[in-house]
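Peer 1: Okay, handing you the structure first.
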Amino acid sequence: MTGSNFVVGPGCGQSQPERDLDPPERYNAAGECLEAYYDLTCWTLVQQDAGFVHQHAVDAYAAQHVGERMRPITAVFALIGLYLAVERGYTGRQVQLVHMKIGRRRDWPRLEPPKDRGELTVMDILLAATDAKKEEALMRWTAAVWEAWEDRHRWVRETTEKVQ
Ligand SMILES: [Zn+2]
């Protein structure tokens, strides 16, 4: 590698060409990683699909980049979203409705993130060639991030059943 430096972001661990971007305020991520996430959300939002896959991207990205600066509610909502999507087969739209229903609660605990956040990152979706392959990669990423939070699965399942 001559002439270019790479930055390995915290959270997902994805290595990207360094562009000297500021780190985001709330995500435990490199600025370069957040830019890739914005590219991903451009794709999810133009899908305008009934299932609203965009929600899965929001939840997977947040859960993969939980850190001290993230509000506890963001991490908890992300994990509830991943649980409902991966284990219960909810669409993004259905997850969104649950989030709205439980949105008023404020007393969420701060969750300690796992060291390993799953093998897939935003880049795996961006690099997929077609819309169908991107959606497939998005769902594999969602499942991988959920899997990485294994220590919290029981808490998330129980909490989701309680608050719904
Ligand atoms: Zn990242």
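The values are calculated or read from the model by the stated rules, or taken from the named source; none is laboratory data. Computed from a predicted structure; not experimentally measured. In this analysis, Cβ positions are derived from the backbone assuming ideal geometry, glycine residues included, and neighbour counts consider all displayed protein chains. The accessibility values were calculated without ligands, DNA or RNA, using every heavy atom of the protein model including side chains. Shrake-Rupley method; radii C 1.70, N 1.55, O 1.52, S 1.80 Å.
Peer 1: Loop only by DSSP, 16 or fewer other Cβ within 10 Å of the Cβ. Give me the trypsin sites (Lys or Arg not before Pro) in the range 50-137 that pass, ordered by residue number.
Peer 2: Sparse-neighbourhood loop trypsin sites (Lys or Arg not before Pro): 69, 88, 104, 105, 106, 110, 115.
Peer 1: Per residue of the chain, what 222 nm ellipticity follows from adding -39500 (n - 2.57) for every DSSP H run with n ≥ 4, rounded to the nearest 500?
Peer 2: Taking each H run of at least 4 residues, the total per residue is -17000 deg cm²/dmol.
Peer 1: As a test question: what accessible area, to the nearest 10 Å², does residue 21 have when a 1.4 Å probe is rolled over all protein chains in place?
Peer 2: Residue 21 has an accessible surface of roughly 60 Å² with all protein chains in place.
Peer 1: I would also like to ask the following. At residue 131 and residue 162, where each label point lies 7 Å from the Cα along Cα→Cβ, what is the point-to-point distance in nanometres?
Peer 2: 4.1 nm
Peer 1: Given Cβ point charges of +1 (Lys, Arg) and -1 (Asp, Glu) and nothing else, what value in debye, to the nearest 20, does the dipole of the range 1-81 about its Cα centre take?
Peer 2: 220 debye
Peer 1: Calculate, for the chain, the solvent-accessible area per residue in square angstrom, rolling a 1.4 angstrom probe over the heavy atoms of the protein chains.
Peer 2: I get 56 Å² per residue for this part.
Peer 1: Further question: Taking a point 7 angstrom from the Cα of residue 73 along the C-beta vector, which residues in the range 93-110 have backbone N less than 15 Å away?
Peer 2: Those under the cut-off are 98-110.
Peer 1: Taking the Cα centre of the chain as origin, sum charge times position over the Cβ atoms of Lys and Arg (+1) and Asp and Glu (-1), and report the length of that vector in debye to the nearest 20.
Peer 2: For the chain, the charge dipole is close to 800 debye.
Peer 1: In whole Å, what is the distance between the alpha-carbon centres of the range 1-55 and the range 92-164?
Peer 2: Answer, in whole Å: 17.
Peer 1: Treating the angle as unsigned and between 0 and 90°, give the value, to the nearest 10°, between the Cα long axis of helix 31-47 and the longest Cα principal axis of the chain.
Peer 2: The answer is roughly 60 degrees.
Peer 1: If you fit an axis through the alpha-carbon atoms of helix 131-148 and take the longest principal axis of the Cα set of the chain, what angle between them do you get, 0 to 90°, nearest 10?
Peer 2: In the chain, helix 131-148 runs at an angle near 70 degrees to the longest axis.
Peer 1: Here's something else I'd like to know. If you line up the long axis of helix 153-163 against the longest principal axis of the chain, both from Cα atoms, how many degrees apart are they, to the nearest 10?
Peer 2: 50 degrees
Peer 1: Right, next: Given the peptides 37-46, 144-153, 10-19, 56-65, arrange them by the average over their residues of other C-beta atoms within 10 Å, most packed first.
Peer 2: The peptides rank, most packed first, as 56-65, 144-153, 10-19, 37-46.
Peer 1: Something else now. With the contact rule set at Cα under 8 Å and sequence spacing of 6 or more, what percent relative contact order holds for the chain?
Peer 2: Normalised by residue count, the contact order of the chain is 23 percent.
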